[in-house]
1. Would you confirm, using the coordinates I've provided, whether ALA31 is under 29 Å from ILE9 (Cα atoms) and assigned to a helix (DSSP H, G or I)?
2. Considering (1) of a type in the set (S, T, N, Q); (2) touching an Asp or Glu at 6+ places or on another chain (Cβ under 8 Å); (3) closer than 30 Å to LYS244 by Cα, say which one SER149 fails and leave the rest.
3. Can GLY146 be described as at pLDDT 95 or above, buried (at least 18 other Cβ atoms within 10 Å of the Cβ), out of contact with any helix residue (DSSP H, G or I) (no Cβ under 9 Å at 6 or more places or on another chain) and closer than 16 Å to SER20 by Cα?
4. I'm trying to understand the selection: among the residues of the range 75-126, which are surrounded by 15 or more Cβ atoms within 10 Å (Cβ to Cβ) and assigned to a strand (DSSP E or B)?
5. Need the failing condition index for GLU39 against (1) farther than 30 Å from LYS137 by Cα; (2) among the charged types (D, E, K, R); (3) surrounded by 15 or more Cβ atoms within 10 Å (Cβ to Cβ); (4) assigned by TED's automatic domain parsing to the domain that holds GLY134, just the number.
6. Here's a check for you: in the range 205-236, which residue that is under 20 Å from the mean Cα position of the chain (by Cα) and small (Gly, Ala, Ser) is surrounded by the most Cβ atoms within 10 Å (Cβ to Cβ)?
7. Exactly one condition in (1) closer than 18 Å to CYS183 by Cα; (2) out of contact with any strand residue (DSSP E or B) (no Cβ under 7 Å at 6 or more places or on another chain) is false for GLN11; which is it?
8. Any idea which residue in the range 1-32 is farthest from THR124 (Cα to Cα), counting only those that are among the polar types (S, T, N, Q) and either surrounded by 20 or more Cβ atoms within 10 Å (Cβ to Cβ) or under 18 Å from the mean Cα position of the chain (by Cα) (or both)?
Amino acid sequence: MKQIHINRIIQCVEKLCMDSNYYLNCDIYNAIEASIKDETSENGRMVLDILLKNADIAKKEKIAICQDTGMVVVFLQVGQDVHIIGGSLNEAINEGVRRGYKKGYLRSSVVKHPLNRVNTGDNTPAIIYTEIVGGDKIKIEIAPKGFGSENMSALAMLKPSDGVEGVKEFIIKTVSQAGANPCPPIIVGVGIGGTMDKAAVLAKKALLRPIGTKSCDEYIAQLEFEVLEQLNKLGIGPAGLGGKTTALCVNIEFYPTHIAGLPVAVNIGCHATRHACAIIE
């Protein structure tokens, strides 16, 4: 049984919070750069160029890519042969967020009560999803989620008879209605199956998959391709100013579901869909 002290977890989360907010992921940067060549709109090309310059400045100066530094979503994979010592795992995660946002001069965006709206002042608590896996390591993936894009996300409990065409229609409708609000070009995470809550988590996790990687399921991979083509025909374009670069990718995750249901969740990520990962051994 391997022992891992919470101090290592705190330090790891602290660094990941800053790194994810400072550095645009390489796959996203490269996808934006590549899309400039194909973008037919002059305004679209201008916006894409500005996004890259913004990312370069953020990286060089170690400042946030965006003023909305998000609510921190944490995906944990904890090896079943790990014994965490020194305190609570969840408290360690939140302490890491607290330190990272203070040290990194990142905006505190979390309110303690959804109706009273009093800011917690340190961007905690985080949203934490924990999965127990084999092994003796802890994998921590941090995904600060801005709410310009989060607010444009949607969930539908479709009927099985709606089928794949119903799923396509719902995804396209959700992105179309979102328009410029989620700061396109966007990344579209889709969760299909499970229950209402499972579909939503799948959609969130789908945003973490690198651009250019396809689903391991051939049927789903084809669906990703078809939906992406349709989204980029909507004409929303970069920053909503028109063009063919509305979405950089569509990532779909799926799970078995009940015979009577077809849950579908769409979680939209902005052009700076942020995430950073580390493994504690």
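1. Details: under 29 Å from ILE9 (Cα atoms): no; assigned to a helix (DSSP H, G or I): yes.
Answer is no for this residue.
2. Every listed condition holds for SER149 apart from (2).
3. Taking the combined requirement at face value, the residue satisfies it.
4. PHE75, LEU76, GLN77, VAL78, GLY79, VAL82, ILE84
5. Condition (4) is where GLU39 drops out.
6. Taking the candidates together, the pick is ALA206.
7. Only one criterion is unmet by GLN11, namely (1).
8. Applying the filter and picking the extreme gives ASN30.
The values are calculated or read from the model by the stated rules, or taken from the named source; none is laboratory data. It should be emphasised that the depicted structure is a prediction, and the values quoted were computed from it without experimental measurement. For neighbour counting, all protein chains shown are included, and Cβ atoms are generated from backbone atoms with ideal geometry for every residue, glycine included.
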